[in-house]
Amino acid sequence: MKKDEYELDTAGKILQAATRLFAMYGYDNVSIKQIANFGGVNSALISYYYNGKKNLYLNVLNTQMEVFKELIQTIQAKEISPLEKLLTYVNALAKFQEDNPNHVQLIYREILSPQPMFENFVRTKLYILHVFMKDLIAKAKEAGELSTNIAPTHVAFTVEGIILFYSLMHKEVRELGEIPAGQEYQFLDEALKTYLASLK
């Protein structure tokens with residue numbers, strides 16, 4: 001293995017391990033040593049590649065944010081109604097949650113309860129998610145899909161709350177709702193459609 005390939009592999013292992021642990025336990029509850037052990041690397045390499053825990057966490061957030069940005073761009077390009085775009089976006093988040101357990105809650109945790117040192121990240125990057133949803137709701141109003149009396153930003157916050165509940169409680173939703181594994185997203189789809197139907 002060439003040196004640059006080794007470095008990419010090692011940096012990738014660290015990022016992957018950090019993403020999983022931060023998503024599961026939050027920034028404050030994860031140590032450099034835990035990340036190193038989980039990733040199977042020497043803890044000194046985390047400082048070498050990422051210059052410490054704070055910068056590693058920012059790399060994790062940036063990497064996850066790119067997934068969301070790509071999803072937004074894909075949905076914006078679709079020739080469907082604003083409301084259909086919103087439902088497509090939320091269902092895509094549910095699929096992402098299924099494939100990458102806990103990762104959605106990592107992003108939404110920073111939106112709802114940002115670490116003080118990462119507030120700038122929330123304002124400049126994660127806010128894009130809220131703006132995207134708010135704009136879709138505003139366009140749905142203009143298209144007559146939703147009531148003209150609603151405030152798009154308030155609806156966006158409520159939809160985000162539904163998504164957050166699902167991301168935090170999807171296992172409990174499956175157990176309490178007696179839903180077969182892998183079909184938890186149906187709860188999210190139905191909850192969202194029920195809420196939006198009340199706004200028409």
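Quick notes on this one:
- Residue check, E178 modelled with pLDDT of 80 or more and open to solvent by 70 Å² or more (accessible area, probe 1.4 Å): no
- Index of the failed condition, Y50 passing every other in (1) closer than 30 Å to M133 by Cα; (2) open to solvent by less than 60 Å² (accessible area, probe 1.4 Å): (1)
- Total residues in the stretch 36-47, condition open to solvent by 60 Å² or more (accessible area, probe 1.4 Å) and either in contact (Cβ under 8 Å) with a residue 24 or more places away in the chain or under 18 Å from R109 (Cβ atoms) (or both): 1
- Of everything in the stretch 11-30 that is within 19 Å of the chain's Cα centre (by Cα) and small (G, A, S), the residue that is surrounded by the fewest Cβ atoms within 10 Å (Cβ to Cβ) is G26.
- Only one of the numbered conditions (1) basic (K, R); (2) over 17 Å from L188 (Cβ atoms); (3) over 18 Å from the mean Cα position of the chain (by Cα); (4) modelled with pLDDT under 90 is not met by K139, and that is (4).
- Scanning the stretch 172-195 for residues that are in a helix (DSSP H, G or I) and touching an Asp or Glu at 6+ places or on another chain (Cβ under 8 Å) yields a count of 3.
- Failed criterion for L45 (all others in (1) more than 25 Å from the chain's Cα centre (by Cα); (2) of a type in the set (A, V, I, L, M, F, W, C); (3) modelled with pLDDT under 90 hold): (3)
- Number of positions in the stretch 184-199 that are open to solvent by 70 Å² or more (accessible area, probe 1.4 Å) and at pLDDT below 85: 3
- Selection count where residues are surrounded by 13 or more Cβ atoms within 10 Å (Cβ to Cβ), within 29 Å of R20 (Cα to Cα) and of a type outside the set (S, T, Y), scope the stretch 63-84: 8
- Residue pairs whose Cβ atoms lie under 6 Å apart, separated by 6 or more positions or on different chains, with the first residue in the stretch 61-89 and in a helix (DSSP H, G or I) and the second of a type in the set (D, E), are L83/E145.
- Odd one out for K95, checked against (1) under 17 Å from L126 (Cβ atoms); (2) in contact with a helix residue (DSSP H, G or I) (Cβ under 9 Å, 6 or more places away or on another chain); (3) open to solvent by 60 Å² or more (accessible area, probe 1.4 Å): (1)
- Test result for L146, outside any helix (DSSP H, G or I), surrounded by 18 or more Cβ atoms within 10 Å (Cβ to Cβ) and modelled with pLDDT of 75 or more: yes
- The lone criterion from (1) in a helix (DSSP H, G or I); (2) over 27 Å from M169 (Cα atoms); (3) open to solvent by less than 90 Å² (accessible area, probe 1.4 Å) left unmet by K33 is number (3).
The values are calculated or read from the model by the stated rules, or taken from the named source; none is laboratory data. All values reported here derive from a predicted model rather than from experimental measurement. Here Cβ is always computed from backbone atoms with ideal geometry, including for glycine, and neighbour counts include all displayed protein chains. Heads up: the accessible areas ignore ligands, DNA and RNA and are worked out on the full protein's heavy atoms, side chains in. Shrake-Rupley method; radii C 1.70, N 1.55, O 1.52, S 1.80 Å.
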